[in-house]
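Asks: Here you go, one structure.
Read-outs: derived from the displayed coordinates by stated rules, not from any lab. Everything numeric in this text was worked out from a predicted model, so none of it was measured. Cβ coordinates were reconstructed from backbone atoms using ideal geometry, including for glycine residues, and neighbour counts include every protein chain displayed.
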């Protein structure tokens, strides 16, 4: 497996990926330098996500439970203005990155839920995916 080095400065501590060309970079400074030269496709990330999720029949859970959120509901998350507003906060993005990189994601989520900005994001997500009482089975 190859070393994942920054495409600008060659640092091995890459944390980010260009949404256009998928090259790795390590910081906002390197991101800005890379953007000046990036020659990746001009399609937006939303277009790529839309294209990859257009085959809904192929997306299904291996082990669904009664608490499993339907894929159609999860797809609605990207259209929520409340979620988009939360994600504009760099602290929220840092918390998400920390959770994703943590060896114990359950513990990391519990720690994240002590941060009000992350709780706000979680609440916005629940507004989209939560089953209303009228829709719940008896």
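Asks: Measuring from a point 7 Å past the Cα of residue 16 along Cα-to-C-beta, which residues in the range 97-119 have an amide N at less than 16 Å?
Replies: Within reach of a label on residue 16, which here means backbone N under 16 Å from a point 7 Å along Cα→Cβ, the range 97-119 contributes 97-98.
Asks: Something else: In whole percent, what relative contact order does the range 80-130 give with Cα contacts below 8 Å and a gap of six or more residues?
Replies: Values: 27 pairs, mean separation 22.8, N = 51.
Value for the range 80-130: 45 percent.
Asks: For the pair residue 94 and residue 120, how long in nm is the line joining their label points, each one 7 Å along Cα→Cβ?
Replies: Once both label points are built, they end up 1.5 nm from each other.
Asks: Here's a follow-up. How far apart, in nm, are the 7 Å Cα→Cβ label points at residue 129 and residue 106?
Replies: Those two pseudo-labels are separated by 1.7 nm.
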